[in-house]
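*Asks:* Please read through the structure below; I'll follow up with questions.
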Amino acid sequence: MLLVVASLFNTTNSYASHDEACSSAWHVTGYFTPIESEYLQTDKTKINIERLGESTHASAFLKVVMIEGWGKTKDGWYLGRFSNKWHKSNEPLNALGKPLDVGSIATDKNIIPTGVVLKIPSLPNALKDQLYISDDVGSAIKNTHVDIYTGEGKQAEAVTYEITGKDHTVCRLTSI
């Protein structure tokens, strides 16, 4: 396993503040937290939320939450879908049960373990200079695929489209 990780990150670049081991041909996608008020409210679905009971939400919103993991309800709390159940929280959570932050990144833990700091210099604009922390997972995140959390709402969703691509360079920081 360690050999696989080491062979992926075979190019080392030294910079003033940190060292990077980089590899290319990564698939990068983004995920975000949808906000229920930004979706049509005409078609509603009743769901059962773990330890809360029944709750009714916009069907279009629920469909997106099932893909993205968490969504902000019209009442201001967060609705998550994992372990085949709906859950309520005060904030969207990562796989460690901690709040998701812009810059959280979901990785295949067999390739990039939890807690690793990454940089993706092939991303557009200021995103290429941002540091990302591996603290989340996703069922579709396998091998050389990373998924970046971009924030809440339609504007964050637009960023996911901007960053999605299959030929990115991912750098693992070896020191900060």
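*Asks:* In degrees from 0 to 90, rounded to the nearest 10, what is the angle of the helix 59-68 Cα long axis to the longest principal axis of the chain?
*Replies:* Helix 59-68 sits roughly 20 degrees off the main axis of the chain.
*Asks:* Kindly express, to the nearest 10 degrees and within the range 0 to 90, the angle between helix 153-163's C-alpha long axis and the longest C-alpha principal axis of the chain.
*Replies:* 30 degrees
*Asks:* List Arg172, Arg81 from most exposed to least, where exposure is judged by having the fewest other Cβ atoms within 10 Å.
*Replies:* Arg81, Arg172
*Asks:* Taking segment 20-70, which GluC sites (Glu not before Pro) meet the DSSP loop condition and have no more than 12 other C-beta atoms within 10 Å?
*Replies:* Loop-located and lightly packed - Glu50.
*Asks:* Mind checking which of Ser55, Asn125, Asn94 is farthest towards the positive end of the chain's charge dipole, using Cβ charges of +1 (Lys, Arg) and -1 (Asp, Glu) about the Cα centre?
*Replies:* The one lying farthest along the dipole's positive direction is Ser55.
*Asks:* Hey, in the GNM for the chain with a 10 angstrom Cα cutoff, which one of Phe32, Phe82, Phe61 fluctuates hardest?
*Replies:* Among Phe32, Phe82, Phe61, the largest mean-square fluctuation in the Gaussian network model of the chain belongs to Phe82.
*Asks:* Now for a separate question. Give me the Å³ per residue figure for the convex hull around the C-alpha atoms of segment 36-89.
*Replies:* Value for segment 36-89: 69 Å³ per residue.
*Asks:* At 222 nm, what value in deg cm²/dmol follows for the chain if DSSP H runs of at least 4 each add -39500 (n - 2.57) and the sum is divided by all its residues, to the nearest 500?
*Replies:* -4500 deg cm²/dmol
*Asks:* Let me ask something else about it. Considering only C-alpha atoms, what is the centroid distance from segment 131-163 to segment 36-85, in Å?
*Replies:* Centre-to-centre (Cα) distance: 20 Å.
*Asks:* Now for a separate question. Sort Tyr78, Tyr31 so the one with the fewest other Cβ atoms within 10 Å of its own Cβ comes first.
*Replies:* Tyr78, Tyr31
*Asks:* Provide Ile133, Ile67, Ile120 in ascending order of the number of other Cβ atoms located within 10 Å of each residue's Cβ, fewest first.
*Replies:* Ile67, Ile133, Ile120
*Asks:* So for the pair Ser37, Gln155, with labels modelled 7 Å out along Cα→Cβ, what separation do we get in nm?
*Replies:* Label at Ser37, label at Gln155, 1.4 nm between them.
*Asks:* Assuming 1.567 mPa s and 4 °C, estimate D for the chain with Stokes-Einstein, Rh taken as the Kirkwood radius over Cα pairs, in µm²/s.
*Replies:* D, rounded to a whole number, is 76 µm²/s.
*Asks:* Also: On a straight-distance basis, which lysines could pair with Lys63 in a cross-link, Cα separation under 20 angstrom, same-chain partners fewer than 8 positions away excluded?
*Replies:* Partners within reach: Lys44, Lys46, Lys72, Lys74, Lys85, Lys88, Lys154.
Here, each number is a calculation from the coordinates, and none is a lab measurement. For clarity, every value in this text was computed on a predicted model and none was experimentally measured. Positions of Cβ are generated from backbone atoms using ideal geometry, with glycine treated the same way; all protein chains shown enter the neighbour counts.
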